[in-house]
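To start, the structure under review is shown below, and the notes come after it.
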Amino acid sequence: YDGPNTAGDYGTRVAVTSSDDVVVVGDSGGLVTIESVLIKFSGAGNHLWTRRHSSGTFAEVPLDAVLGENDKIYVTGQGGASQSSFITFCYAADGVLLWDKLFEASSSAGNHRATAIALGPFGTVAITGRVPFTTIKYREH
């Protein structure tokens, strides 16, 4: 993958779906800033789709991803103003954005980042991260 900018493209997570497709999550230099990128390949290696996700004019760096029910792709990481927020978003297996959340940390210490994501029953999505140590929970529905 070669994104629209020469700032670099980096894969950070990879997952295999229930239908043997491969999903790669990473970050890529965009036209304005660094953006999250999701790329899906068939089990035979054919490119199926690419999606770029941006928090606007601020850099976005995905640090963890997990596949859920119906091969939904959940991603979390660092983003927002001055890299001080948790970003979390979910894409359907066909690449349609289902939702995204931005958690603004209350501390002004900076460099907040979500570092791990887990899924629970009943649409629960849990994210944990640092500066300060923070854990949040969302409900999909």
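The values are calculated or read from the model by the stated rules, or taken from the named source; none is laboratory data. Predicted, not measured: the structure shown is a model, and the values here were computed from it. Backbone-built Cβ (ideal geometry, glycine too); neighbour counts: all protein chains shown. SASA here: full protein model, heavy atoms, side chains in, ligands and nucleic acids out. Shrake-Rupley method; radii C 1.70, N 1.55, O 1.52, S 1.80 Å.
Data for the structure
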item	result
Search result, residues across the range 19-56 that are polar (S, T, N, Q) and under 19 Å from Trp99 (Cα atoms)	Ser36, Thr50, Ser54, Ser55
Top-ranked residue of the range 12-21 - restricted to ones that are surrounded by fewer than 14 Cβ atoms within 10 Å (Cβ to Cβ) and not hydroxyl-bearing (Ser, Thr, Tyr), ranked as nearest to the chain's Cα centre (by Cα)	Val14
Hits in the range 22-36 (condition: open to solvent by 30 Å² or more (accessible area, probe 1.4 Å), at pLDDT below 95 and out of contact with any Asp or Glu (no Cβ under 7 Å at 6 or more places or on another chain))	Leu31, Val32
Looking only at the range 122-141, and only at residues there that are free of Cβ contacts under 8 Å to residues at least 24 places away in the same chain and β-branched (Val, Ile, Thr), the one that is farthest from Gly79 (Cα to Cα)	Thr124
Number of positions in the range 55-74 that are in a loop (DSSP other than H, G, I, E, B) and either surrounded by fewer than 16 Cβ atoms within 10 Å (Cβ to Cβ) or more than 10 Å from the chain's Cα centre (by Cα) (or both)	7
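Per-residue answers, yes or no, for (1) open to solvent by less than 40 Å² (accessible area, probe 1.4 Å); (2) under 13 Å from the mean Cα position of the chain (by Cα); (3) at positive phi:
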site	(1), (2), (3)
Leu38	yes, yes, no
Ala44	no, no, no
Arg52	no, yes, no
Thr76	yes, yes, no
